[in-house]
Amino acid sequence: MEKDIHRYKLFGRRKGRKKNLDNFEKNFLKKIITKKIELDKNNNNILDIGSGSGENSLYLSKKFMLSQIIACEKFEDGNLNLCKLIKVNNINNILIFNGNVLEFFDTIKKNVLDSIWILFPDPWPKKKHHKRRLINDFFISKLSDVLKKNGTVHIVTDSQSYLRQILKLIYNYRESYLWENQTKSGWEFDPIETQKTKYYKKALKYDRKPIYIKLIKL
């Protein structure tokens, strides 16, 4: 049990103070927020890691209407906000995994995901906290297990130190992943192609340039 607690350790808050589960119909929540997600390899399955308030998950659900979207987010308030968007927009292709994405990886089949989106992962800017960053050797190796061949990974960050770490990992795993957009113009993050999340707006507010990276599993 202690090993599992360490394996799925989460950093940061799980819940804010504004929203309450009692404000939502319980059967609706039970249907949308679940840790029992079964994915069909024959379907197009898209994972949105750190889905936040759900802007990108909603965008993906509308752009890929025949796909299954899995929003993975530990922060309860963000998940409740996405539930509201799902209900208001009558969306039927989004499920929410409320927890650690590594736990999610351990519950699904191998080679089942078609694409993975990671928009503005927490940079943990202090050097002593870099070990808390999501994208590391272990994470990249896990992606190889769950992604289909030619599956894609989409990463956006506005942290220069995190970007350097990611680029080093891409080089180390160059036999497993093709970095598709290796040009300056290719790195430009176009919010039209995803969604102007609050973290994108925050990056612009503080004059930080978001960088987009697209990887393809070989």
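Per residue, the convex hull spanned by the Cα atoms of region 47-123 measures out at 90 cubic angstrom. Scanning residues 5 or more positions from Gly99 or on other chains, those with amide H under 5 Å from its amide H are Glu73, Lys74, with H placed 1.01 Å from N in the peptide plane. With the simple model of a label 7 Å out from the Cα in the direction of the Cβ, Arg164 to Lys128 spans 2.0 nm.
Computed from backbone phi, the HN-Hα couplings of region 33-49 come to 9, 8, 9, 10, 10, 9, 10, 8, 4, 7, 8, 8, 10, 10, 10, 10, 8 Hz, rounded to whole numbers (Karplus: 6.51 cos²θ - 1.76 cosθ + 1.60, θ = phi - 60°; Gly and Pro given as x).
Here the chain was treated as a single set of alpha-carbon atoms; its pair distances binned every 10 Å from 0 give 8, 34, 40, 17, 2 percent. Against the chain, whose longest principal axis is taken from its Cα atoms, helix 76-88 shows a tilt of about 70°. Rounded to 0.05, the FRET efficiency of the Lys110 and Asp207 pair, given R0 = 35 Å and the Cβ-Cβ distance, is 0.25. By the rule of a C-alpha distance below 22 Å, with chain neighbours fewer than 8 residues away ignored, the lysines paired with Lys36 are Lys3, Lys9, Lys15, Lys26, Lys74, Lys84, Lys87, Lys109, Lys110, Lys142, Lys148. Using θ = phi - 60° in the Karplus curve 6.51 cos²θ - 1.76 cosθ + 1.60, the 3J(HN,Hα) couplings for region 157-174 round to 9, 10, 9, 5, 5, 5, 4, 4, 5, 5, 5, 5, 5, 4, 5, 5, 10, 5 Hz; x is entered for Gly and Pro. Put a dot 7 Å past each Cα toward the Cβ at Glu188 and Lys149; how far apart are the dots in nm? Modelled inter-label distance: 3.5 nm.
Taking the Cα atoms only, what angle lies between the long axis of helix 137-146 and the longest principal axis of the chain, rounded to 10 degrees? Compared with the principal axis, the helix lies near 60 degrees.
Beta bridges assigned by DSSP with both partners in the chain are antiparallel in approximately 35 percent of cases.
Laboratory data are not the source of any read-out in this text; all were calculated from the coordinates shown. Note that the coordinates shown come from a computational prediction; the quantities given were computed from them, not determined experimentally. Virtual Cβ from ideal backbone geometry, glycine too; neighbours counted across all protein chains shown.
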